[in-house]
1. Looking only at residues in segment 74-127 that are outside any helix (DSSP H, G or I) and within 18 Å of Ala278 (Cβ to Cβ), which one is farthest from the ligand (Cβ to nearest atom)?
2. Pick from Ser357, Ser374: which is touching a Lys or Arg at 6+ places or on another chain (Cβ under 8 Å) and under 20 Å from Pro442 (Cα atoms)?
3. Every residue in segment 243-284 that is under 30 Å from Glu61 (Cα atoms) and either small (Gly, Ala, Ser) or in a helix (DSSP H, G or I) (or both), please.
4. Can you pull out every residue in segment 199-251 that is within 22 Å of the chain's Cα centre (by Cα) and among the small types (Gly, Ala, Ser)?
5. Could you list all residues from segment 304-332 that are under 19 Å from Gln382 (Cβ atoms) and among the polar types (S, T, N, Q)?
6. Would you confirm whether or not segment 305-323 contains a residue that is touching a helix residue (DSSP H, G or I) at 6+ places or on another chain (Cβ under 6 Å), at pLDDT 95 or above and more than 25 Å from Leu176 (Cβ to Cβ)?
7. Looking only at strands (runs of 3 or more DSSP E) that lie completely in segment 156-242, which have at least 3 residues being in contact (Cβ under 8 Å) with a residue 24 or more places away in the chain and within 16 Å of the ligand (Cβ to nearest atom)?
8. Which of the residues belonging to segment 422-445 are in a strand (DSSP E or B) and more than 15 Å from the chain's Cα centre (by Cα)?
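The values are calculated or read from the model by the stated rules, or taken from the named source; none is laboratory data. A quick note: this is a predicted structure, and the numbers were derived from the prediction, not measured. Positions of Cβ are generated from backbone atoms using ideal geometry, with glycine treated the same way; all protein chains shown enter the neighbour counts.
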Amino acid sequence: MIAARISLRLARPYALAVGRQQRAIHQCRTLLHGHPASLKDLDRLLVKDGATQTIRGIAKEPETVLAKHIKDTIKIAGPLSVGQYIRQALTHPLGGYYMKGDVFGVQGDFTTSPEISQMFGELVGVWFITQYQALNGPDKIQLVELGPGRGTLMSDILRTLETFPFLHNKIEAIHLVEASPHLKRVQAKALTGQTMESSDFKSLKTPSGVEVFWHENFENVPGGRCSMFIAHEFFDAMPIYKFEMTEHGWREIMVDIDESDSSPYHLRFIRAPSNTKAAATMIQGERYANYKQGERIEIAPESWGFAKQIGERIKADGGAALVVDYGRNHILGDSLRGIRKHKFTHVFEQPGDCDLSADVDFSFVADAVQASGSHAHGPITQGTFLRAMGIGTRLQELLKVAQTQDKRKEMVQSFERLVGPLGMGRVYKFLAITGSSEAPYPFLGVEDPELDTGAGEDGPTPSLKQ
Ligand code: SAH
């Protein structure tokens, strides 16, 4: 980390821009009905189903503790919703993916933007400054992060805010929503410098005296305060439920035991023979009209819940939020995938040892925000956001103070990875949530030239979770 000061010069243009609020919200938010799922992957999902698979005699992979647990559950209670499977695979105390070790970085399974360069968190911090000013500098604020990973993003945000005492002095507390006891300790080290032996702590202080609180549930984050929220690669970890349009209407795709010798996995997808509670409650309204037989949709009810709660908090107490993730601005059909060691895996490969993730449907998140009474702006691409916030200027500042040529080269590479259309610049999107209907800078209501609306596309977005 390089300690070049974020200069006031860098922040000023945004502060000014906040005053010049633009009228239109990004036109992509109007794609409320989304695009029907593509037909091209129709059989991919069910290909491991014994009925359709022709190859025989495939040995089963070793069974993980979690796979065994899930099979036992299915034996007693019947097939699971895909969402229930994902929830268990990611956060079950008995070997859920996020409940174990550190999964980030070159040695881990994927690398996220904040881990690539300090510039990412710094510019998110600068955006929060603009929002603080847009709210006329409230007396007290709190910072809230959902799914903080290694704590890198929040420490970069905090370091940036520390250089602006008029705001830093107003930070009453930081609240982190984290399910993983292991990552909680990693975050404690990153933010406070303290090495914790157990995860049995509720709060700790940063060296600059800000108290950091951990919560397993968002509901426990105290309200009544102006809050700045950040959720980076959190919504893609929310369980999705899958449905397929059949001649009898929507049918849920579920997870059952696979005892066949035609697949190495212990689990398989099946189509529920009759209407399920999930199908009856989740698929409602115009949004899901006009689908043809064989088309599939993914719905993440918890994404709706989190987005709505953030919106409600902002409406009641003031504040702003950034939701950053990869995804599209329409309903997705088949985007769920596993990830391990920087490669895609089958959804049922080694449950608990592979990450599971689905593209975020930003139009769904935006609808939930509208339902809360707050306002969603965007999405715009990561490349557009970071460039507009001055990543170029920041890179120049850092290059000047870098000690070696290698360091400078690494910085330029990181820059390109973050903003370049072939890296994360295009597939990752930023959505802002504010109490005002006026779009904040740089969500200016103009068509984002890089925005990939994904019309007609589906399936896992390429070059993700690098
Ligand atoms: N924001 C970080 C980490 C992203 S990974 C980064 O970008 O580097 C997802 C994070 O969300 C992890 O910290 C994981 O433990 C946490 N998480 C996943 N599901 C969660 C849930 N249901 N509740 C709370 N935290 C969760």
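1. Of segment 74-127, the ones outside any helix (DSSP H, G or I) are 78-81, 92-96, 100-112, 117.
Restricting the remaining residues to those that are within 18 Å of Ala278 (Cβ to Cβ) gives 78-81.
Working: Gly78: 24, Pro79: 22, Leu80: 17, Ser81: 16 Å.
Checking each candidate, the answer is Gly78.
2. On the way: Ser357 fails: under 20 Å from Pro442 (Cα atoms).
Selected residue: Ser374, the only one of Ser357, Ser374 that is touching a Lys or Arg at 6+ places or on another chain (Cβ under 8 Å) and under 20 Å from Pro442 (Cα atoms).
3. If we filter segment 243-284 for residues that are under 30 Å from Glu61 (Cα atoms), which is where we start, we get 243-244, 251-273.
Within segment 243-284, Ser260, Ser262, Ser263, Ala272 meet the criteria.
4. Ser227, Ala231, Ala237
5. Hit for segment 304-332 is Asn329, nothing else.
6. no
7. Working: elements: 171-177, 203-205, 211-215, 226-232.
Correct list: 171-177, 211-215, 226-232.
8. So the first thing to find is which residues in segment 422-445 are in a strand (DSSP E or B), and the list is 428-434, 439.
Answer for segment 422-445, where residues must be in a strand (DSSP E or B) and more than 15 Å from the chain's Cα centre (by Cα): Thr434, Ala439.
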